[in-house]
Structure formats: C-alpha cells, structure tokens
Amino acid sequence: MLATTIIYGFAGICLFVLGLRGVLLHTTALARILALNVCGAGVFLLFVVLAYRGAGMTPDPVPHALVLTGIVVAVSATALALALARRLREIDHD
Amino acid sequence: MTDLLVWPILLPLLASLLALVFPRRGDWIGGMASLAVLISAAWLVHSVWDNGVIAVALGGWQPGLGIALRADGLSSVLLLMVAIVALTIGIYATRYFDNAVVRARFWPLWLLLLAALNALLLSGDVFNLYVTLELVGLTAVALGALGGSRDAIVAALRYLTIGLLGSMAFLAGVVVLYAAYGTLDMVALASVVEDRPATWVALMLMTLGLLVKSALFPMHFWLPPAHANAPAPVSAALSALVVKVAFYLVLRLWLDVFTVALHPATAWMLGLLGAVAVLWGSYRALRAPRLKLLAAYSTVAQLGYLFLFLPLLAGLPDGPAREAAFGAVVLFALTHGFAKSALFLGAGVIQQRAGHDRIEELGGTARALPVTTFVLALSGIALIGLPPSGTFLAKWQLLAAAVETGQWVWIPVVAVGSLLAGAYVFRVLGHAFAPGDRDGSALAAGREELPALALALVATVVLGLAAGGLWGFLDFAAMSPGGAR
C-alpha cells in the first residue's frame, strides 16, 4: 500500500514540476495553457493519492470532493485562457 | 444573525445573474446591488463590533464537509472597504463605459468579482480560499481584457497564466495541509498545527502562490501591464482590492493560523522583498511615461510597505506594541485601497477627457479639470504618507515598531520610498498645473469626478482623523496565537 502511495505521489509531484517548467519555458500561449493543465493534473493526482486508504478500504471522500471542484475550476480557467489566446490570434491576423 | 454573513456573497452573485439576463438594466441592477452589499457590510461590521467573531456553517453542514464562513475584525473591516470602493467605482462606471455592449459585459463580471472578493474575505477554510482566489483571479482577468486592445489581451493572458501558477502552488499547499492534519478548517488548523517540515512545505507553497497574486517583487512583473491597460474602473478595483485580498491571506495565514511556524528568518525574507519592492516600484513610478502606469508601479511599491510589517510583527512580543503595529498594517492596506482607486478613477477621467494619459502632456489639466487635479493631489498625499492621511499614521507606527525591535534597516527604506513617492506625485502635479491649451470645463462633473473625490477624501481625511477606532475594533485577541477566541 505504501509503495503504491509513493509511486503515485511521486508521479503527481513530477507532473507538477513538468507543468511548471512548461509554463515558464514555453512562449506560445497554447503550449503554456497545456502545461498549466499538466501542472494541475499533478496536484489533482496528489489529492487522489491522499484519498487512498489501502486495498479494500473505502477512500476518504473529502479529497474527492475537493478534486472535483478543482477540476471544474481548472476547466473554466482553461476556457478563459483559450478564449483570450484565440482573440489574440484574431487581432494578429486582421 | 448568522444570515449576515451570507448576504455580502449572495447579493452580488444574484445581481450578477440578473445583469446577465437583463443587460440593458445593468446600471440599475449593479448600483442597487452595490448599495445593498454596502449596507450588509456595514451591518456586519456593527455586529462584529458588538458580538465579536461571527461564524456560520452553510446548510448546517459542519466544517470539514460543509462551507464555513467566518467574520472577525480584520475580515469585516476589509469587507467594508471593498463595499465602499466597489460602490463608488460602480457609480463611476455608469459614466465611464459609453459603449452599451462593453457596459453590458462589465456588470455581470464586476458583480461576480465583488461576490468572489467577499467570499474570499469571509471564507473559513483553506480549500474555499483556493476556490475564491481562483474566482477572483478569473473575473479580474476577464475584466482586465474588457478594453479589447491587443496590449490589454496580452497583459490579461499573462496575468491569467501567472495567476493560475500561483493558485496551483496554493492548492498544492492545501494538499500537504490535508495530508498532515486531516482538516482544512482554519480554526481547527490553528489549534493542531505544529512547527514541523510538513507545515513548512505547505506554507512555502501557499505563500509562493500568494506572493505571485499579491505581486511582491520579483513576482510583480505581470501587474503594471495588466493594471495599466485595463479600463479605469477595472484598474482601480485590480489595484485597490484584488491584490489586497491576496495580501490579506498572507496576513491571515502567517499571523492567525500558522503563528507557530512563523520563523524570524522567513519574515525577514518577506520583509526584504518588500523593501526592494518599495524602492524599485517607486523608482519605476517616477520614470513611468503614463499616469496609469505610474499608478500601477506605485501599487507595487505600496504593497512592498505592507510586507515590511511582517518582520516587525514577528519580532514584537504580544502586547500593545504588536497591536499597534497590526492595526497599522491594516490601516495602511485600507488607505491604499481608497487612495489608489481614487488615483485610477482620476486617471480615467483625464484619459477620457484628454484622449491620453501621458504625464508630459498633462499641461492645462488643473484648469480644465480642477476637481480631478484635486483628487490626484489628495491621493498623492496618501501615497506619500503626509498627514492627515491614514498612511501617515501607519508609517509612523512602522517606524516606531522598527525602533522598538531594533530593526533599523527598514527606516531608510521608508524614508527613501516616501521621498520617491513625493517625487512622482509632484512630477504629475507639476505637469498638471503647467499652462496648456485645454478648454476649461464645467466644475460640476457629477458622477464622473465625484466618486474619485469621495474615495480620496476617505483616504486622506477620514482614515487619518478617525483611525483610532480601528485599533480597538481589530481586537487583537482574535489574532492571538492558536486562534483562541
């Protein structure tokens, strides 16, 4: 059980750092938005790991509720970012 | 009585939906909602004054599962500031947006921002802080892009990206907290939190996120373009309110919830960043070619002052000296909220009347727009920290605390920062009073100039002369270690 938690937890941290690196290093808007989502996925994975209480046990519901809220927020943020990026493209192509 | 906590969030939220459905009635809906929020905020302050901390668990769900709302001296007084500034900005906005389409887009977003700000201030648990922080960020970005120019969109996209990184870091900190303590309720956290590595990691992540959001040097780079390119009423709200609530969270987390983990070294580091922000922001404000850019850089500097208080508060033992310093940081935040929104509204008036806000070409403004020039001068007094503004009292306390704790290093920072502020304010006034070829306009400018004047008067006169009650109201007991009430 411990090993599973560590593997998933480590994966979450790796995703977070990868996303962070992507946001900071990329210059195109779309790449940055995607990197932000990778970053967010890392944090959400950490929440999922947190809910796991061992094989056969019911998971902790609170992190699940939190992660759902987090995903909704992330989707809306991505939508706003994409809308802005598209507007920018339209301006540049006119 | 606990219903009081719901209204400042519910009213603007409902009004926002109404404004979306009835776009042509936006002015009316927004004005009424802002007024109602102000009344409920004033009522809340009154009630906190009488009864102390008010808390409610929404829908009867206990904290841990439900949404807990709390109001103490600090949050309710900031709530009142938000309500007053929002009402005046709203009144100005009815004159500012002459394009019906833009105005129809403004009101729903604006009311949503107001609801999010109030929800953030009243939130009692750390996860809801993340949600409200995101709501504030998203609505602020959308409002900032309202102007539609290329610069505004580029700045908004950058603001959004950086802001999202900040909230991701904050959320990661929330995960660590939940893993370590199994609760996210701030009162519960304050009583169980220990000084150990898990707390440090959580705090580091959350603080990093908040530093980005509150634009502390060197994470301030997104602020000047975003604030300078937004429409004037929006810039006023971004500079006066949006960055301020991020600082409120820094204050709340470090001094209320995680007091045990506040090491002098951490506080010093934040203080040093604040000191650099004061000097760099003031210097850039002095060099700014445009009035709104000047106001935005001045925000960077003024936020720096707020962070200077952290090492002082960490260094002072519990007692009257610490209470005085804590009251001063809140007074500083309040005064800046009023003064900076006044300055941005004044800049908006000038920009619309003159068609630009280039400082070098402000000649004739004093004759054409005497009221607005007076606003620039009044808000300048508050930004420099001259008496009788609230900033003067706050800086006085800051220096007193620096002497008390022997942290002399902050004194030259405050002195140089104030001199630079004097220089950039008088640079603007010098150009505004210079002769120019502008036509004189009517004195009675009503809804266009009076909101800014009201805000500037609150910053310079009301907060300066009537600030005594603030210290008593903040009730330092509510901020004592362990959150004992």
By Cβ neighbour count within 10 Å, fewest first, A:Leu25, B:Leu18 rank A:Leu25, B:Leu18
Run the quick spin-label model on B:Leu17 and A:Leu2: label points 7 Å from Cα toward the beta carbon, then report their separation in nm to one decimal. 5.0 nm
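Can you give the FRET efficiency to the nearest 0.05 for B:His46 and A:Asp94, using r as the Cβ-Cβ distance and R₀ = 56 Å?
Efficiency for this residue pair is about 0.55.
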Take the alpha-carbon positions of the stretch B:282-485, form their convex hull, and give its projected area averaged over all directions (one quarter of the hull surface) in nm². 11.6 nm²
Please state the charge dipole magnitude for the stretch A:2-93, taken about the Cα centre, from unit charges on C-beta atoms (+1 on K and R, -1 on D and E), reported in debye and rounded to the nearest 20. 140 debye
Of B:Ala401, B:Leu306, B:Gly31, which is farthest towards the positive pole of chain B's charge dipole, taken about the Cα centre with +1 and -1 on the beta-carbons of Lys, Arg and Asp, Glu respectively? B:Gly31
Among the chymotrypsin sites (Phe, Trp or Tyr not before Pro) within the stretch B:45-144, which fall in a DSSP loop and have no more than 13 other Cβ atoms within 10 Å of their own Cβ? B:Trp61
Gained length - A:Ser76 relative to A:Leu24, 0.36 nm times residue gap less alpha-carbon distance: 16.6 nm
How many Cβ atoms of partner chains, on average, are near each residue of B:150-156 if near means within 10 Å of its Cβ? 3
In terms of Cα to Cα distance under 16 Å, which aspartates and glutamates are near enough to B:Lys292, apart from those fewer than 8 places away along the same chain? B:Asp151, B:Asp357, B:Glu360, B:Glu361
Cα atoms only, the stretch B:88-233: Rg and Dmax in Å? 17.5, 56
Once both label points are put 7 Å beyond Cα along the C-beta direction, the B:Leu399-B:Arg150 separation in nm becomes 4.8 nm
Two-site label geometry, B:Val201 and B:Arg367: point separation in nm, points 7 Å out along Cα→Cβ: 6.8 nm
Rounded to the nearest 20 Debye, what is the dipole magnitude of chain B about its Cα centre when Lys and Arg each give +1 and Asp and Glu each give -1 at the C-beta? 1080 debye
Local electrostatic count at B:Ala301 - Lys and Arg +1, Asp and Glu -1, tallied over other residues with Cβ under 12 Å: +2
Taking the Cα centre of the protein assembly as shown as origin, sum charge times position over the Cβ atoms of Lys and Arg (+1) and Asp and Glu (-1), and report the length of that vector in debye to the nearest 20. 1080 debye
Got a sec? Charge dipole of the protein assembly as shown, +1 on Cβ for Lys and Arg, -1 for Asp and Glu; which of B:Ser282, B:Gly390, B:Leu135 is way out at the positive end? B:Ser282
More than 18 angstrom apart: percent of Cα pairs within the stretch A:6-59: 40 percent
Förster radius 45 Å - calculated FRET efficiency between B:Val416 and B:Asn99, Cβ distance, rounded to 0.05: 0.55
Straight-line reach only, C-alpha to C-alpha below 16 angstrom: list the aspartates and glutamates that B:Lys244 could link to, leaving out same-chain residues fewer than 8 apart. B:Glu134
Estimated 222 nm signal from helices in the protein assembly as shown, with DSSP H stretches of n ≥ 4 weighted -39500 (n - 2.57), rounded to 500: -25000 deg cm²/dmol
Calculated FRET efficiency, B:Ala55 and B:Ala265, Cβ-Cβ r, R0 30 Å, to nearest 0.05? 0.35
Projected onto the charge dipole of the protein assembly as shown (unit charges on the beta-carbon of Lys, Arg, Asp and Glu, signs +1, +1, -1, -1), the Cα from B:Thr161, B:Leu331, B:His356 with the largest positive-side position is that of B:His356
Counting every Cα pair in the stretch A:2-93, what percent are over 24 Å apart? 33 percent
First obtain the Kirkwood hydrodynamic radius of the protein assembly as shown from its Cα pairs, then insert it into the Stokes-Einstein equation at 20 °C and 1.002 mPa s, and state the resulting D in µm² per second as a whole number. 89 µm²/s
Starting from the Cα of B:Glu360, move 7 Å in the Cα-to-Cβ direction to define the label point; list residues of the stretch B:279-310 whose amide nitrogen is under 17 Å from there. B:285-294
Quick shape summary for chain B, equivalent ellipsoid via Cα gyration tensor, semi-axes whole Å in descending order, reads 34, 26, 20
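Values quoted throughout were computed directly from the atomic coordinates according to the rules given, and no laboratory measurement underlies them. Worth saying up front: this structure is predicted, and the values here are computed from it rather than measured. When we count neighbours, we look across all protein chains shown, and the Cβ atoms used for this are built from the backbone with ideal geometry, even at glycine.
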